[in-house]
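Worksheet: the structure to be examined is printed underneath.
The values are calculated or read from the model by the stated rules, or taken from the named source; none is laboratory data. Everything numeric here is computed off the predicted structure, so don't read it as measured data. In this analysis, Cβ positions are derived from the backbone assuming ideal geometry, glycine residues included, and neighbour counts consider all displayed protein chains.
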Amino acid sequence: MSQVLSCAFGRSPRPRSFACARLAPFRDPGSCLPLPGAFAQALPRYPLASQGDQALAFQFARPAPGPPLKGRGCTVGAMSDNQPRVTVDGAIGQIDATQVPRYGGEPTFARLPRLSDVKSADVAILGVPFDSGVSYRPGARFGPGHIRESSRLLRPYNPAADVSPFAVQQVADAGDLGVNPFNIDEAITTVERGARDLLERVPRVLTLGGDHTIALPLLRAVSAVHGPVAVVHFDAHLDTWDTYFGAAYTHGTPFRRAFEESLLDPSACMHVGTRGPLYDAADLTGDAAVGFQILPATEAEHLGTRGMIEAIAARVTDRPVYVSVDVDVLDPAFAPGTGTPEAGGLTSRELLAVLRSFANLNLVGADIVEVAPAYDHAQITGIAAAHVGYDLLSALALRKA
Ligand SMILES: [Mn+2]
C-alpha cells in the first residue's frame, strides 16, 4: 500500500468509485461504551462502534483499476474477528468467501460484520431467541442461530433483484437480545426496549425470531418512529385471535393486540398465504374487523406471483409497510422446521418473488419468525428463512439506491 488516504468510515465521506480498502486493527479492542437499557444487557460483550474516530479511522487505498463490479469487492484487513472482508465504497460486507470458505468464520447473518464493528449501519439484523408464546411445538428460541448458520451460503450479488445488498447499504448483525423465557410480559418489554434502542442508531431492523409473539413489541418500536404501519403478514394463520387459554399475549394474538394499541393502519393491512382449519367462521369476521384483508394460499395459484404482488401494492400503496414473515406461510415441504405447520402453503419461489416486490414499497421493517430447527432437516427451513432475509435486504437496498 504505497498510496493511501485516510478517511473516517461511514456513510460519508464514501468514495464514489469502487475502492479497495484496508482496515486498520482496533487500537483499543477492549474499550466498550455502555449500551442503554435492555440492549446493554443483551450485548455486553460487543464493543460499541461509536467508540471514537480513532478506532474507526480506516485507510482507503486508491481505487483499483478496472470497471466497477456488482457483486464483487476487494478485501479488507483485520476487524475484531480478524477475517478478510468484501467491501465496496466503504460498506463493510461479508467475510470474503474466496479466502475463507463459507463453512468457516463468524456465525453472524451472512457472515456480515457485527454492529459493534461498524461506525454506522443502514440495516441491523437482530436476533430474538424467544418461544414462550407458542401454542404447539416449541423450539423457535433456536431460530436466530439456525437462520444465521443457514445463511453462510449467501453471496454478495443478488441477480434476481440486480443488486448487491451489502454494498449499497451497510448491513450489520446486532446479535441477540437477552429475553426472559419464563415471563412473557417481561420478554415483550425487553424486545420493545431493545428494538427502540436499536432504531435510535439504525434506521431499519430485520429481526430473526423467535415465535410470533415478538411482532407486537417490534411493531410498538417501529410505529413509534413511523406512525401506524401497513402490516403485510405472511403466515398460514391469522394471528388475530383474542386469547388462548385466557392468555392475551401469545404467538396467535400479536396483531389483535397491535390493532388495539393503534400500531396498525387498519385500512392497509393484509394476510398472505393463510390456510387450513379455523376454530369457527367467526374467526374471519373478527379478523376483518381489525383491518386485515386476506390473500389466502388457495388464491396464490390463481393469481400467480404477479397477481399477488399487484394485490399487495394496491392495498398498502405508499404507506410505511412492515413485513412479518412466519415461515409457516411456506408449505411444510419447503419449511418443515416450524411450530404449527399446515399443508397447502406457498412455495419458496413464490414467497421470494413476492418479497422482492417490496423494493417498490416503503418498507420500514421486517421480521422472520417461527423457525424451529428441531423439526428441520438439512437446513431446508433455515435456508428458506435466510433467503427471505436476503431478498428483504435486497428490497431495502434497491429502495435506498
Ligand atoms: Mn404466526
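Among the residues of region 211-232, those identified as away from the ligand (no atom under 11 Å from the Cβ) and either outside the structural domain of Leu396 (by TED's automatic domain parsing) or outside any helix (DSSP H, G or I) (or both) are Gly227, Pro228, Val229, Ala230, Val231, Val232.
Restricting attention to region 233-247, does a residue exist that is away from the ligand (no atom under 16 Å from the Cβ) and in contact with a helix residue (DSSP H, G or I) (Cβ under 8 Å, 6 or more places away or on another chain)? No, region 233-247 contains no residue that is away from the ligand (no atom under 16 Å from the Cβ) and in contact with a helix residue (DSSP H, G or I) (Cβ under 8 Å, 6 or more places away or on another chain).
Per-residue answers, yes or no, for (1) in the same structural domain as Phe142 (by TED's automatic domain parsing); (2) closer than 24 Å to Thr213 by Cβ; (3) in contact with a helix residue (DSSP H, G or I) (Cβ under 6 Å, 6 or more places away or on another chain):
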{"residue": "Val325", "(1), (2), (3)": "yes, yes, yes"}
{"residue": "Ala343", "(1), (2), (3)": "yes, no, no"}
{"residue": "Val364", "(1), (2), (3)": "yes, yes, yes"}
{"residue": "Ile383", "(1), (2), (3)": "yes, no, yes"}
{"residue": "Ala386", "(1), (2), (3)": "yes, yes, yes"}
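Report yes if some residue within region 236-253 is within 18 Å of Arg137 (Cβ to Cβ) and part of a helix (DSSP H, G or I); otherwise report no. No.
Going through region 248-268 one residue at a time, which ones are within 19 Å of Ala311 (Cβ to Cβ) and away from the ligand (no atom under 16 Å from the Cβ)? Steps first, answer last, please.
Let us first name the residues in region 248-268 that are within 19 Å of Ala311 (Cβ to Cβ), namely 255, 264-268.
If the condition is that a residue be within 19 Å of Ala311 (Cβ to Cβ) and away from the ligand (no atom under 16 Å from the Cβ), then Asp265, Pro266, Ser267, Ala268 are the ones that fit.
Within region 333-340, can one find any residue that is among the aromatic types (Phe, Trp, Tyr) and surrounded by fewer than 23 Cβ atoms within 10 Å (Cβ to Cβ)? There is at least one residue in region 333-340 that is among the aromatic types (Phe, Trp, Tyr) and surrounded by fewer than 23 Cβ atoms within 10 Å (Cβ to Cβ). Taking region 224-243 as the range and being surrounded by fewer than 23 Cβ atoms within 10 Å (Cβ to Cβ) and in contact (Cβ under 8 Å) with a residue 60 or more places away in the chain as the test, the residues that pass are Val225, His226, Gly227. From the set of residues in region 264-279 that are in a loop (DSSP other than H, G, I, E, B) and in contact with a strand residue (DSSP E or B) (Cβ under 7 Å, 6 or more places away or on another chain), which is surrounded by the most Cβ atoms within 10 Å (Cβ to Cβ)? That would be Gly273.
Taking the conditions exactly as written (under 16 Å from Tyr390 (Cβ atoms) and either within 16 Å of the ligand (Cβ to nearest atom) or surrounded by fewer than 20 Cβ atoms within 10 Å (Cβ to Cβ) (or both)), does Pro159 satisfy them or not?
Working: under 16 Å from Tyr390 (Cβ atoms): yes; either within 16 Å of the ligand (Cβ to nearest atom) or surrounded by fewer than 20 Cβ atoms within 10 Å (Cβ to Cβ) (or both): yes.
Yes; evaluated as a whole, the condition is true for this residue.
Identify, from the list Glu192, Glu149, the residue that is free of Cβ contacts under 8 Å to residues at least 40 places away in the same chain, out of contact with any Phe, Trp or Tyr (no Cβ under 7 Å at 6 or more places or on another chain) and charged (D, E, K, R). Give the steps one after another, and end with the answer.
Numbers: Glu149 fails: free of Cβ contacts under 8 Å to residues at least 40 places away in the same chain.
Step by step, each of Glu192, Glu149 is checked, and only Glu192 is free of Cβ contacts under 8 Å to residues at least 40 places away in the same chain, out of contact with any Phe, Trp or Tyr (no Cβ under 7 Å at 6 or more places or on another chain) and charged (D, E, K, R).
Keeping to region 189-210, report how many residues are within 16 Å of the ligand (Cβ to nearest atom) and either of a type outside the set (Val, Ile, Thr) or at pLDDT below 95 (or both). Before the answer, list the steps.
Here is the first cut: in region 189-210, the ones within 16 Å of the ligand (Cβ to nearest atom) are 191, 207-210.
Okay, now just the ones that are also either of a type outside the set (Val, Ile, Thr) or at pLDDT below 95 (or both), so 208-210.
Residues in region 189-210 being within 16 Å of the ligand (Cβ to nearest atom) and either of a type outside the set (Val, Ile, Thr) or at pLDDT below 95 (or both): 3 in total.
Can you name the condition, by its number, that Glu186 falls short on among (1) within 16 Å of the ligand (Cβ to nearest atom); (2) free of Cβ contacts under 8 Å to residues at least 12 places away in the same chain? Glu186 satisfies every listed condition except (1).
The selection criterion, being outside any helix (DSSP H, G or I) and among the basic types (Lys, Arg), does not hold for Arg257.
Summed over region 360-380, residues that are over 15 Å from Asp331 (Cα atoms), assigned to a helix (DSSP H, G or I) and either within 17 Å of the chain's Cα centre (by Cα) or within 16 Å of the ligand (Cβ to nearest atom) (or both) total 0. Counting only residues that are in contact (Cβ under 8 Å) with a residue 60 or more places away in the chain and more than 22 Å from Pro138 (Cβ to Cβ), region 318-352 holds 9 of them. Counting only residues that are away from the ligand (no atom under 16 Å from the Cβ) and more than 18 Å from the chain's Cα centre (by Cα), region 345-359 holds 3 of them. Note on region 280-331: among residues that are within 16 Å of the ligand (Cβ to nearest atom) and assigned to a loop (DSSP other than H, G, I, E, B), the one that is nearest to Thr207 (Cα to Cα) is Asp331.
Number of residues in region 173-201 that are buried (at least 21 other Cβ atoms within 10 Å of the Cβ) and assigned to a loop (DSSP other than H, G, I, E, B) equals 2.
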